[in-house]
Amino acid sequence: MDETTVTECVARYLASRKWTIHSVHHPGAQGGVRLRPTSATGSRSKETLIPDIVASKQGVFLLVESKPRFDVRDVRKVQRAAQPAYVAGLAAALELAVHPSLVLPAVAFSGLPPAAVAPGVVLFIVSPAGHVEVAGAAELLPGYRSSAGARRDLP
(Lines give C-alpha, C1' and ligand atoms only; values in the text may rest on other atoms or scores of the structure.)
Protein backbone atom coordinates (compact mmCIF):
# COMPACT_ATOMS: atom_id res chain seq x y z
CA MET A 1 0.00 0.00 0.00
CA ASP A 2 1.41 3.41 -0.92
CA GLU A 3 1.44 6.64 1.10
CA THR A 4 -1.40 8.23 -0.87
CA THR A 5 -3.71 5.28 -0.17
CA VAL A 6 -2.82 5.29 3.54
CA THR A 7 -3.53 9.04 3.70
CA GLU A 8 -6.86 8.73 1.89
CA CYS A 9 -8.04 5.83 4.10
CA VAL A 10 -7.26 7.77 7.28
CA ALA A 11 -8.86 10.99 5.97
CA ARG A 12 -12.06 9.05 5.14
CA TYR A 13 -11.98 7.37 8.55
CA LEU A 14 -11.70 10.71 10.35
CA ALA A 15 -14.38 12.39 8.23
CA SER A 16 -16.77 9.49 8.90
CA ARG A 17 -16.30 10.14 12.62
CA LYS A 18 -17.15 13.83 12.32
CA TRP A 19 -13.62 15.22 12.37
CA THR A 20 -13.15 18.43 10.40
CA ILE A 21 -10.44 17.89 7.80
CA HIS A 22 -8.46 21.12 7.41
CA SER A 23 -5.82 19.76 5.07
CA VAL A 24 -4.81 16.62 3.19
CA HIS A 25 -1.35 16.72 1.65
CA HIS A 26 -0.44 13.98 -0.82
CA PRO A 27 3.19 13.07 -1.67
CA GLY A 28 4.65 15.55 -4.13
CA ALA A 29 1.69 17.91 -3.83
CA GLN A 30 2.07 21.66 -3.55
CA GLY A 31 -0.07 22.67 -0.64
CA GLY A 32 -1.10 21.51 2.76
CA VAL A 33 -0.78 23.38 6.01
CA ARG A 34 2.83 24.50 6.42
CA LEU A 35 3.97 24.55 10.02
CA ARG A 36 6.96 26.64 10.97
CA PRO A 37 8.31 27.31 14.42
CA THR A 38 7.78 30.88 15.52
CA SER A 39 11.54 31.50 15.15
CA ALA A 40 11.67 30.42 11.46
CA THR A 41 11.64 32.87 8.58
CA GLY A 42 10.74 32.32 4.95
CA SER A 43 8.19 29.87 3.55
CA ARG A 44 10.83 27.27 2.62
CA SER A 45 12.67 27.11 5.92
CA LYS A 46 14.35 23.76 6.60
CA GLU A 47 12.30 23.70 9.81
CA THR A 48 8.98 23.79 7.91
CA LEU A 49 6.80 20.71 8.43
CA ILE A 50 3.77 19.77 6.32
CA PRO A 51 1.60 17.11 7.97
CA ASP A 52 -0.21 14.77 5.59
CA ILE A 53 -3.50 15.38 7.44
CA VAL A 54 -4.58 18.18 9.75
CA ALA A 55 -7.95 17.57 11.40
CA SER A 56 -9.88 18.78 14.44
CA LYS A 57 -12.82 17.79 16.58
CA GLN A 58 -14.19 19.80 19.50
CA GLY A 59 -11.00 21.78 20.02
CA VAL A 60 -8.58 18.84 19.70
CA PHE A 61 -6.24 18.97 16.70
CA LEU A 62 -4.65 15.99 15.01
CA LEU A 63 -1.42 16.15 12.98
CA VAL A 64 -0.95 12.97 10.92
CA GLU A 65 2.12 11.79 9.04
CA SER A 66 1.41 8.88 6.65
CA LYS A 67 3.83 6.33 5.22
CA PRO A 68 3.52 2.88 3.63
CA ARG A 69 5.34 1.33 6.65
CA PHE A 70 5.95 2.42 10.23
CA ASP A 71 9.12 4.50 10.70
CA VAL A 72 10.11 5.98 14.07
CA ARG A 73 11.38 9.11 12.26
CA ASP A 74 7.75 9.94 11.44
CA VAL A 75 6.91 9.77 15.15
CA ARG A 76 9.68 12.26 15.89
CA LYS A 77 8.45 14.54 13.09
CA VAL A 78 4.86 14.76 14.36
CA GLN A 79 6.00 15.07 17.96
CA ARG A 80 8.08 18.07 16.88
CA ALA A 81 5.09 19.50 14.97
CA ALA A 82 3.00 19.30 18.16
CA GLN A 83 5.46 21.47 20.11
CA PRO A 84 4.29 24.99 21.13
CA ALA A 85 6.56 26.80 18.63
CA TYR A 86 4.91 24.89 15.74
CA VAL A 87 1.40 25.04 17.23
CA ALA A 88 1.54 28.84 17.04
CA GLY A 89 2.14 28.43 13.29
CA LEU A 90 -0.77 25.98 13.07
CA ALA A 91 -3.08 28.47 14.76
CA ALA A 92 -1.97 31.22 12.37
CA ALA A 93 -2.33 29.01 9.28
CA LEU A 94 -5.84 27.88 10.24
CA GLU A 95 -6.84 31.23 11.76
CA LEU A 96 -8.15 29.33 14.79
CA ALA A 97 -7.32 29.17 18.47
CA VAL A 98 -5.16 26.09 19.08
CA HIS A 99 -3.92 25.12 22.54
CA PRO A 100 -0.66 23.11 22.51
CA SER A 101 -1.96 20.61 25.08
CA LEU A 102 -4.80 19.74 22.68
CA VAL A 103 -2.65 18.86 19.66
CA LEU A 104 -2.19 15.14 19.05
CA PRO A 105 0.69 13.82 16.97
CA ALA A 106 -0.24 10.76 14.89
CA VAL A 107 1.30 8.39 12.38
CA ALA A 108 -0.57 6.35 9.79
CA PHE A 109 0.86 3.32 8.05
CA SER A 110 0.12 -0.09 6.63
CA GLY A 111 1.64 -3.25 8.03
CA LEU A 112 2.60 -4.38 11.49
CA PRO A 113 2.52 -1.87 14.34
CA PRO A 114 5.62 -1.31 16.46
CA ALA A 115 5.99 -3.03 19.83
CA ALA A 116 5.84 0.35 21.60
CA VAL A 117 5.48 4.02 20.72
CA ALA A 118 5.94 7.13 22.82
CA PRO A 119 2.94 8.05 24.98
CA GLY A 120 0.59 10.56 23.42
CA VAL A 121 1.17 9.43 19.82
CA VAL A 122 -1.90 8.12 17.97
CA LEU A 123 -1.40 5.23 15.55
CA PHE A 124 -3.60 4.63 12.51
CA ILE A 125 -2.95 1.13 11.19
CA VAL A 126 -4.40 0.60 7.71
CA SER A 127 -5.08 -2.96 6.53
CA PRO A 128 -4.54 -4.01 2.89
CA ALA A 129 -8.34 -3.81 2.50
CA GLY A 130 -8.33 -0.17 3.69
CA HIS A 131 -9.76 -0.82 7.17
CA VAL A 132 -8.37 1.58 9.78
CA GLU A 133 -7.57 0.60 13.36
CA VAL A 134 -6.65 3.21 15.95
CA ALA A 135 -4.36 2.93 18.94
CA GLY A 136 -3.68 5.73 21.38
CA ALA A 137 -5.32 8.88 22.75
CA ALA A 138 -7.93 6.64 24.32
CA GLU A 139 -8.55 5.12 20.89
CA LEU A 140 -9.07 8.55 19.43
CA LEU A 141 -10.85 10.53 22.04
CA PRO A 142 -13.38 8.81 24.34
CA GLY A 143 -12.36 10.24 27.71
CA TYR A 144 -9.13 11.67 26.24
CA ARG A 145 -6.76 13.35 28.69
CA SER A 146 -4.49 16.03 27.28
CA SER A 147 -0.85 16.24 28.27
CA ALA A 148 -1.94 18.93 30.73
CA GLY A 149 -4.18 16.35 32.42
CA ALA A 150 -7.47 18.06 31.59
CA ARG A 151 -10.16 15.50 30.86
CA ARG A 152 -11.89 15.94 27.51
CA ASP A 153 -15.15 13.99 27.33
CA LEU A 154 -15.94 13.79 23.66
CA PRO A 155 -18.53 11.74 21.80
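Step by step: first the residues of the stretch 64-74, then only those that are not in a helix (DSSP H, G or I) and not hydroxyl-bearing (Ser, Thr, Tyr), then the one that is nearest to the chain's Cα centre (by Cα). Which residue is that? Spell out the reasoning first.
Pass one, the stretch 64-74, residues not in a helix (DSSP H, G or I): 64-71.
Imposing the further condition that a residue be not hydroxyl-bearing (Ser, Thr, Tyr) reduces the set to 64-65, 67-71.
On the way: VAL64: 2, GLU65: 6, LYS67: 12, PRO68: 16, ARG69: 16, PHE70: 14, ASP71: 15 Å.
Only one residue fits best here, namely VAL64.
Has the stretch 61-84 got at least one residue that is closer than 19 Å to ALA11 by Cβ, surrounded by fewer than 19 Cβ atoms within 10 Å (Cβ to Cβ), of a type outside the set (S, T, N, Q) and modelled with pLDDT under 85? No, the stretch 61-84 has no match at all.
Residues in the stretch 130-147 that are farther than 14 Å from VAL10 by Cβ and either in a loop (DSSP other than H, G, I, E, B) or at pLDDT 75 or above (or both): LEU141, PRO142, GLY143, SER146, SER147. Set side by side, the residues ALA115, ALA55, ALA81, ALA108 differ, and just one is small (Gly, Ala, Ser) and over 18 Å from GLU133 (Cα atoms), which is ALA81. Pairing each residue of the stretch 45-70 that is closer than 20 Å to SER101 by Cα with any residue that is of a type in the set (Val, Ile, Thr) and part of a loop (DSSP other than H, G, I, E, B), provided the two are 6+ apart or on different chains, yields C-beta distances under 6 Å for VAL54/VAL33; PHE61/VAL98.
Among the residues examined, LEU96 qualifies as more than 24 Å from VAL117 (Cβ to Cβ), touching a Phe, Trp or Tyr at 6+ places or on another chain (Cβ under 9 Å), among the aliphatic types (A, V, I, L, M) and in contact (Cβ under 8 Å) with a residue 12 or more places away in the chain.
Residues that are among the small types (Gly, Ala, Ser) and within 25 Å of GLU8 (Cβ to Cβ) were ranked within the stretch 90-118; the one that is farthest from the chain's Cα centre (by Cα) is GLY111. Residue count for the stretch 103-124 satisfying the condition of being in contact with a strand residue (DSSP E or B) (Cβ under 6 Å, 6 or more places away or on another chain) and over 18 Å from GLN79 (Cα atoms): 1. Scanning the stretch 75-85 for residues that are part of a helix (DSSP H, G or I) and within 15 Å of GLY120 (Cβ to Cβ) returns VAL75, ARG76, LYS77, VAL78, GLN79, ARG80, ALA81, PRO84. Between GLY120, GLY89, the distinction of being assigned to a loop (DSSP other than H, G, I, E, B) and either in contact (Cβ under 8 Å) with a residue 40 or more places away in the chain or farther than 18 Å from LYS18 by Cα (or both) belongs to GLY120 only. Note on the stretch 3-34: among residues that are farther than 24 Å from PRO128 by Cβ and among the basic types (Lys, Arg), the one that is nearest to the chain's Cα centre (by Cα) is ARG34. Scanning the stretch 8-24 for residues being aromatic (Phe, Trp, Tyr) and within 18 Å of LEU94 (Cβ to Cβ) gives a total of 1.
The values are calculated or read from the model by the stated rules, or taken from the named source; none is laboratory data. This is a predicted model, so every value here is computed, not measured. In this analysis, Cβ positions are derived from the backbone assuming ideal geometry, glycine residues included, and neighbour counts consider all displayed protein chains.
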